[in-house]
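These notes are about the structure you will find just below.
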């Protein structure tokens, strides 16, 4: 059977063919836009473009006007909207009787305009929505999604660059899977499973948001049932005692290119197990009882990954670092920037100090060597200092649950019994200060032993040589 549009004799209007629509037919390649009417469901037809996009529509007579109208049903998608889905939609409308069909399609022009948005357009709207300030539990006005910059980065770098000009309604699971595979394969720079995973998360959030009632930019998210990514290998870098010793004493050298407060911040992360973002914003008014028996540092929830206040006990070694960093009475931030007075050190300063900085024009050329290179250490990150401190605590015999509290990790089990989530969120507000203080004091004592032992041994050898 000829399934293309067949012209009628001159002087008569051309008629379109009628076939039994199938999913396979919707995937047919055509040389020009072609319509196929469904023989099983009168009025239903699919329009296929040369790019392979198949759109379902429905012709009907509006009882109020007596005129023929066309209603848009959706774009063919083998996973979310097939021929049977289109038929079922029409059967459902007809079953409602009366003017149900006309009423359903009356706002078709507005809906079509919404579904005509490109991926780039909904990305712009999504970013604007994410960064809109809203009132948070602590009473402050901050962006609706406080990590919006990271999400926006993945949307712009990957989704916009590859699919930005495409209609959001036309994006398929295959598009997302292909993009994900290309990221893993290194077509967007360095191969990265992590970037692919973050792209999927950002894309899923975008399309779920776009499908919400009131927007209806898409009928369903294409980010469903995607092929599983290979597991990421977690970082396991832990500094040895010799490396800790070299690193600790190296930070005290005056010939290094990085400012003293940045180096003190690196020491502070090793001593306190706090994340870089949590400690770099430390203010004088967040410190308590520095000269007393129970000194502590209260990290406000807006700087904490899990958005909960951290009360971190301070060891005597941590207090020493804080007092050195607070050079003047008027200094509000413990780790204040030397370049920008009254502001904390930039959040990337510690990482840059360890790995070095690169030239803006030539990324392969080092501008300033990092501390790891200058001290002859195998590269590591600030986060590896947290892992190193936790490993020291484990080697000292402290319980994993206590160590998890110091790291602000939620312990899911206790004594082989799962603790209900509501217990931790609502009823158990204990910060376990006693256990945390024991762990952090133990780590501080171990660091003193490691860093002082080499100096003592060297002096002992010198004294022994002189005595001989």
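The values are calculated or read from the model by the stated rules, or taken from the named source; none is laboratory data. Since the model is a prediction, treat every value here as computed from it, not as a measurement. Don't worry about glycine lacking a Cβ; one is built from the backbone with ideal geometry, like all the others, and counts go over all protein chains shown.
Here is a yes/no grid of residues against (1) farther than 26 Å from residue 438 by Cβ; (2) surrounded by fewer than 22 Cβ atoms within 10 Å (Cβ to Cβ); (3) touching a strand residue (DSSP E or B) at 6+ places or on another chain (Cβ under 9 Å):
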position: 273; (1), (2), (3): no, no, yes
position: 278; (1), (2), (3): no, yes, yes
position: 286; (1), (2), (3): no, yes, yes
position: 289; (1), (2), (3): no, yes, yes
position: 298; (1), (2), (3): no, yes, yes
position: 306; (1), (2), (3): no, yes, no
position: 333; (1), (2), (3): yes, yes, yes
position: 350; (1), (2), (3): yes, no, no
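Of all residues in the stretch 1-49 being part of a strand (DSSP E or B) and modelled with pLDDT under 50, which is farthest from residue 86 (Cα to Cα)?
If we take residues in the stretch 1-49 being part of a strand (DSSP E or B) and modelled with pLDDT under 50, then 6 is farthest from residue 86 (Cα to Cα).
Quick check: anything in the stretch 213-223 in a loop (DSSP other than H, G, I, E, B), in contact with a strand residue (DSSP E or B) (Cβ under 7 Å, 6 or more places away or on another chain) and farther than 30 Å from residue 172 by Cα?
no
Within the stretch 303-333, which residues are under 27 Å from residue 249 (Cα atoms) and outside any helix (DSSP H, G or I)?
Across the stretch 303-333, the qualifying residues are 312, 313, 314, 315, 326, 327, 328, 331, 333.
Could you tell me which numbered condition residue 328 fails, if it satisfies all but one of (1) modelled with pLDDT under 90; (2) surrounded by 21 or more Cβ atoms within 10 Å (Cβ to Cβ)?
(2)
Could you check the stretch 212-227 and list, in sequence order, the residues that are within 20 Å of the chain's Cα centre (by Cα) and either in contact (Cβ under 8 Å) with a residue 40 or more places away in the chain or in the same structural domain as residue 75 (by TED's automatic domain parsing) (or both)?
Correct list: 222, 223, 224, 225, 226, 227.
Which ranges mark the strands (runs of 3 or more DSSP E) fully within the stretch 64-151 that have 2 or more residues being assigned by TED's automatic domain parsing to the domain that holds residue 164, in contact with a helix residue (DSSP H, G or I) (Cβ under 8 Å, 6 or more places away or on another chain) and at pLDDT 85 or above?
So the answer is 141-143.
Can you spot a residue in the stretch 191-200 that is in contact (Cβ under 8 Å) with a residue 60 or more places away in the chain and either outside any loop (DSSP other than H, G, I, E, B) or out of contact with any strand residue (DSSP E or B) (no Cβ under 8 Å at 6 or more places or on another chain) (or both)?
Within the stretch 191-200 (the criterion being in contact (Cβ under 8 Å) with a residue 60 or more places away in the chain and either outside any loop (DSSP other than H, G, I, E, B) or out of contact with any strand residue (DSSP E or B) (no Cβ under 8 Å at 6 or more places or on another chain) (or both)), the answer is no, since none of the residues qualifies.
Failed condition for residue 177, given (1) in contact (Cβ under 8 Å) with a residue 40 or more places away in the chain; (2) in contact with a helix residue (DSSP H, G or I) (Cβ under 7 Å, 6 or more places away or on another chain), with all others met?
(2)
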